[in-house]
Each structure stands twice: as structure tokens, then as C-alpha cells.
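The values are calculated or read from the model by the stated rules, or taken from the named source; none is laboratory data. Since we're looking at a predicted model, the values are computed, not measured. As a convention, Cβ positions derive from the backbone with ideal geometry for all residues, glycine included, and neighbour counts pool all protein chains shown. In case anyone asks, the SASA skips ligands and DNA or RNA and just uses the protein heavy atoms, side chains included. Shrake-Rupley method; radii C 1.70, N 1.55, O 1.52, S 1.80 Å.
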Amino acid sequence: MIPGISNNDSIKTTSHKVVVPFYIYAAFSLLISCVMLLLSSSNFLGHYFQPKILAITHMMALGWGTMMILGASHQLVPVLIEGKLHSEKLAHASFYLGAIGVPLMVYSFYFWDMGHPAKWGGRFILLSILCYIINLNKSIKHSKSKNNIHAIFILTSVIWLFITAFLGLALVYNFTFKLFNHDSIYYLPLHVHAGIIGWFLMLIIGVGSRLIPMFLISKYENKSLLKWIYFLINGSLISYIILFYISNKPLYAYLSWILLFIGIIMFVYYCIQAYKDRIRKKVDEQMKISILAIFMILVPILLLFICISTISLLSKEYISLSLSYGFLILFGWITAIILGMTFKTLPFIIWKKVYTQNAFASKTPSPKDLFNNQVFILMSIVYLLGLIAFVIGILTKDINLINIGAILLIFTSILYVFNVIKVIFHKAKTS
Amino acid sequence: MNIITNNQNQIDKAIIALKEVLDPEIGLNIVDLGLVYEINFFEDKKRLECIMTLTTQFCPMGETITENTKSALEKLFLGYEILVTLTFDPAWNYSLISEEGRAFLGK
């Protein structure tokens, strides 16, 4: 007879009460960011270092991307590390601290007040991240697989997030106290790339490398490839920081870019292999947009190469290229992944809450029935059109295209919020 | 599909019941998915023990699947005490999916 465990506590996952507030907060952050895009559209014809664009960037990076990822990861970390979440109280603390910090930060950028609102915003966000790091670290310590490559990716990514936020707060202080030799804009690339590569990219690879094969029911597994990707991407970021410190010559950035590019190509290869080896042939729309997002990273990475080339070879920064790069990262790559993954996670969390006790009592809808798939498909089409219009608008400095793009993205966010609310407020339907 | 049992006469009945329990994400029943390892009947104690696994230990749907398994067996084996026990040794892997399961997923 096979030995087993009859106690359901051993498989208890994180409560929906922890996760759902993050999803709601993130959904409305996306909507507000898109409205801010339209209200500040003319700013996208100028330099990126200006109040409105910084406010939108932080609303997207923190309110949308980070809050959503933190929420989902409280649910997914147990799957990835094969252990329970250490503390739901710390998860709540992380949410509330972040929820207070983000609007303070966005307000201070929008109205350019680098005094108390910016500093307190930064402090709250740092504390929020600290709560998450403690929670994650303790969860991993108590899990069965401490050296799990996915857990290492996630823990490293959160450490990079802390470094990003810490540097961000230091840059805020630098406006009033002169902490550094140069002004804050000089150090901005460090802050930006620690966030994009260290936090978002590392986390997406760590989570994606587990979830993509899992959702596709793929036999593909390649831990040694993931280790290479881990070292290449961290190597890219660390080399960039060291070279920036030694001598901030744009030419040196090629070395870091090559390491990053190889790492990303390897991850794309990993996803292609997982897709090829899948047992589940039918791929739903949510997975399609998530897989598309993996490939979308190649566009900003190639733009980054062009940016480095123009700066190092022509000694000139083309602002519209840099703006497009940042826009494609936040509104393109990160947003596309979240738009898809929201509906691969949230309906299951809510379905479990509503139907666990009576799922078998009578015929119940499946988790996929909790949102409107037609609305999802429409959202995906409008989103891609909006994204393309906005980027072409930035590159050609065409305000009309920028405005059309912003309106389409507002429409996208309304459709997204509609489906999120539809899922969250789902009531039990049995027949 | 090799489910261990101590009662060949009753196992088919139990399998029919368990084929009604679906993994909500995949849409495939837990028998063809290969989650059910062992079903034993203890007629003297009026007890049925089902030993099963999950695709991953902290599967977000794990609690739902085990609850549904219990409900499905309770409906069919009235008066029996149903005990659903989880094991992760051996861990689930893709080779446990039945031919029918593969055909369903390959559609």
C-alpha cells in the first residue's frame, strides 16, 4: 500500500483574501495609467525625464506590474517552491504599504514635489518590498526544495526590486540633499535597468519557466539551460553596474547587452521547446497572449541595441527611441503577460472560493466561464492596435496617432477591468 | 491506468464515479489524468480508502479536487466512510496520463 497523508492542511494554498486586493488595485492602476497617457499625450513628443512621464512610469511599474506580480506570486509561490506561504499577515502588510506608497509616489512625480510625499511614498514601497522578501525567504526556508531554480530566480528578482526601490529613494533624496556626485538623471539608467532586468525579467523567467510547461502540459524540462539563463542575465546586470561605476562609456554597454540578449534568446528557445513538447494541443487565448508576450521582449531589446549604438557611435541620444523602448517594456511586454496571465489565475482563485464546497453537488461552470472570453479577445485586439499606434506615434512624433493609441489603451483597460470585476463578483451558479 | 485495489469487483464502480471528477484547469477527469493510485475497500469496517496524488503538491485546485473525489465516492458508496489520502511518493508525471487522456488533450 502506498503511504499517504490524509490531512488537507498539507495542500492548503494561499487565501483569496490575500491575493484579490492586489488584482483589484493593479486593474485600476492600469486604467488610471491609460487615462494619464491621454491627458499627458503631448509629453511623449519631448524628453522622457519629465514629471508626467515619470508619474505614468511609476504607476505602471509599481501600481500595475509590481502589485499584480506580488499578488499573483503570493498564490503561485507555493506551487513554485513546493511549500506553504510563510505568513498571510506579512502578505497583507505588503499590500497595504504598497497601496499607500504608490499614489504618494505618483502624486509627487505628477506635481513634481520631491519633498515629503515622494520620500514617504518611497519609504512605504521599500517597507512593502521588505515584507515580501521576509515572507518569501521564510517560505523557501521551510519548503522541500530550497535549491529549486524557480525559487532562486524569484528570490533574486525580489532582491533586485529592493535594490531598485532603494536606489529610487536615494535619487529622490538626491534632489534635495545631494547624496551623489551627479544629478539624479545621470543614475536613472541604473534604476531603470535594475527594475526592468533584475526585477521584471528575472521574475517573469522564474515563474514563466515553471508555469508555461505546466499550463501546456509539456514534458520539456531543462534546468541546466535555466541556470545558464540565470547567470547570463545577472551577469549582464552586474557587469552593467560595474562598468557604469568604473567608466560610464556607452560602448561598454554592448558587453552587458550581448549577455542579456543571449539569456533572452535562450529563454525564448526554452519556451519554444516547451510548446513543441506539449501534450495539450489546444492552446487557449490567455496562453497565446502570454506566449506572444515572451516574443515581444525581443522588440524593446533590439531597440535598446539601437539606442546604445546611436549613443556610442553618433554621440547622440534619440529620445523617441528611448521613449519607445520604455513604453514597449511597460505597456508592451509586461502588460501583455499580465493581460493573459490574469485570466489563467484569477478565475481559478475565485472558482475555488465559490465552488470548493459544492462543486460536485451539481453541475457548475468551469473557471473559464467566470469571465467573458469574447470581451477578452476584443480586449487583446484593441490592445495590440493601441500599442502599435502609440509606438508609431512616438517614433514619428505624430500627436494624433499617440492620442488614438491612448484612447485604444483606455478602451483596453476598461474591458480588462470589466472582466476582472466580473470574475471577482461571481456568485455561485448551480443547476 | 493501473489502479491498485483489494477488490476487483468494486473497482469499476469506483472508477465510473471518479471519472466524473475533473481537474478544473485541464478539463480532464482524475482517473485518465493518472491522479488515482489506489482504491481499497474494507467491507468489515464499511470503509473505502482512496489514495491519490495531485499534479503538483501545492496545486491551487488541490483542495477542490480532493473534496470532489470524496463527494463522488460518497454519492455512490452510501453508508461507507470515505477516506481520501494524498501521496506525493511517487510524484505524478506525464507518463501516468492514460491513452484516453492523451487523446482528449491531443484534440
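Take the residues in region A:243-292 that are among the polar types (S, T, N, Q) and farther than 16 Å from A:LEU201 by Cβ, then tell me which one is surrounded by the fewest Cβ atoms within 10 Å (Cβ to Cβ). So that I can check it myself, show each step before the final result.
Taking region A:243-292 and keeping what is among the polar types (S, T, N, Q), we get A:247-248, A:256, A:273, A:286, A:290.
Keeping just the survivors that are farther than 16 Å from A:LEU201 by Cβ gives A:247-248, A:273, A:286.
Working: A:SER247: 8, A:ASN248: 14, A:GLN273: 17, A:GLN286: 22.
Only one residue fits best here, namely A:SER247.
Restricting the search to region B:22-76, which residues are at the interface with another protein chain (Cβ under 7 Å from one of its Cβ atoms), β-branched (Val, Ile, Thr) and surrounded by 21 or more Cβ atoms within 10 Å (Cβ to Cβ)? Those that are at the interface with another protein chain (Cβ under 7 Å from one of its Cβ atoms), β-branched (Val, Ile, Thr) and surrounded by 21 or more Cβ atoms within 10 Å (Cβ to Cβ): B:ILE51, B:THR64, B:THR66.
Return a yes/no flag: does region A:82-103 have any residue that is among the hydrophobic types (A, V, I, L, M, F, W, C) and without any contact (Cβ under 8 Å) to a residue 24 or more places away in the chain. No: region A:82-103 contains no residue that is among the hydrophobic types (A, V, I, L, M, F, W, C) and without any contact (Cβ under 8 Å) to a residue 24 or more places away in the chain. Considering each of A:LEU321, A:LEU385 in turn, give the residue that is more than 14 Å from chain B (Cβ to nearest Cβ), open to solvent by 20 Å² or more (accessible area, probe 1.4 Å) and modelled with pLDDT under 90. Answer to the check: A:LEU321.
Name the single residue, out of those in region A:142-158 being among the small types (Gly, Ala, Ser) and farther than 17 Å from A:GLY71 by Cα, that is modelled with the highest pLDDT. Of everything passing the filter in region A:142-158, A:SER143 is modelled with the highest pLDDT. Is one or more of the residues making up region A:413-421 open to solvent by 60 Å² or more (accessible area, probe 1.4 Å) and not in a helix (DSSP H, G or I)? No, the conditions are met nowhere in region A:413-421. Cβ separations smaller than 6 Å between residues 6+ apart or across chains give the following pairs from region B:87-107 residues that are assigned to a loop (DSSP other than H, G, I, E, B) to residues that are among the basic types (Lys, Arg): B:GLY106/A:LYS281.
A:GLY83 meets the conditions (1) within 14 Å of chain B (Cβ to nearest Cβ); (2) open to solvent by 10 Å² or more (accessible area, probe 1.4 Å) in every case but one. The failed one is (2).
Of the residues making up region A:170-201, those that are aliphatic (A, V, I, L, M) and open to solvent by 20 Å² or more (accessible area, probe 1.4 Å) number 6. The set of residues in region A:153-187 being farther than 16 Å from A:LEU62 by Cα and touching a Phe, Trp or Tyr at 6+ places or on another chain (Cβ under 7 Å) consists of A:PHE153, A:LEU171, A:ASN174, A:LEU179, A:PHE180, A:SER184, A:ILE185, A:TYR187.
Restricting to region A:379-398, name every residue that is touching a Phe, Trp or Tyr at 6+ places or on another chain (Cβ under 9 Å) and either more than 20 Å from A:LEU321 (Cβ to Cβ) or small (Gly, Ala, Ser) (or both). If you could, list the steps in order and put the result at the bottom.
Going residue by residue through region A:379-398, those that are touching a Phe, Trp or Tyr at 6+ places or on another chain (Cβ under 9 Å) are A:379, A:382-383, A:386-387, A:390-391, A:393-394, A:397.
Listed by number, the residues that qualify are A:MET379, A:VAL382, A:TYR383, A:GLY386, A:GLY393.
Within region A:109-116, identify whether any single residue is in a helix (DSSP H, G or I) and either within 18 Å of the chain's Cα centre (by Cα) or of a type in the set (D, E, K, R) (or both), and answer yes or no. Break it down stepwise before answering.
Here is the first cut: in region A:109-116, the residues in a helix (DSSP H, G or I) are A:109-110, A:116.
Filter once more, keeping what is either within 18 Å of the chain's Cα centre (by Cα) or of a type in the set (D, E, K, R) (or both): none.
No, every residue in region A:109-116 fails to be in a helix (DSSP H, G or I) and either within 18 Å of the chain's Cα centre (by Cα) or of a type in the set (D, E, K, R) (or both).
Selection over region B:1-21 of residues that are surrounded by fewer than 16 Cβ atoms within 10 Å (Cβ to Cβ), assigned to a loop (DSSP other than H, G, I, E, B) and β-branched (Val, Ile, Thr) gives a count of 0. Say we look at region B:77-94 and pick out the residues that are open to solvent by 20 Å² or more (accessible area, probe 1.4 Å) and more than 9 Å from every other protein chain (Cβ to nearest Cβ); which of these is modelled with the highest pLDDT? Only one residue tops the list, namely B:GLU81. When A:SER366 is tested against (1) over 29 Å from B:ASN68 (Cβ atoms); (2) in contact with a Leu (Cβ under 9 Å, 6 or more places away or on another chain); (3) surrounded by fewer than 18 Cβ atoms within 10 Å (Cβ to Cβ), just one condition goes unmet, and that condition is (1).
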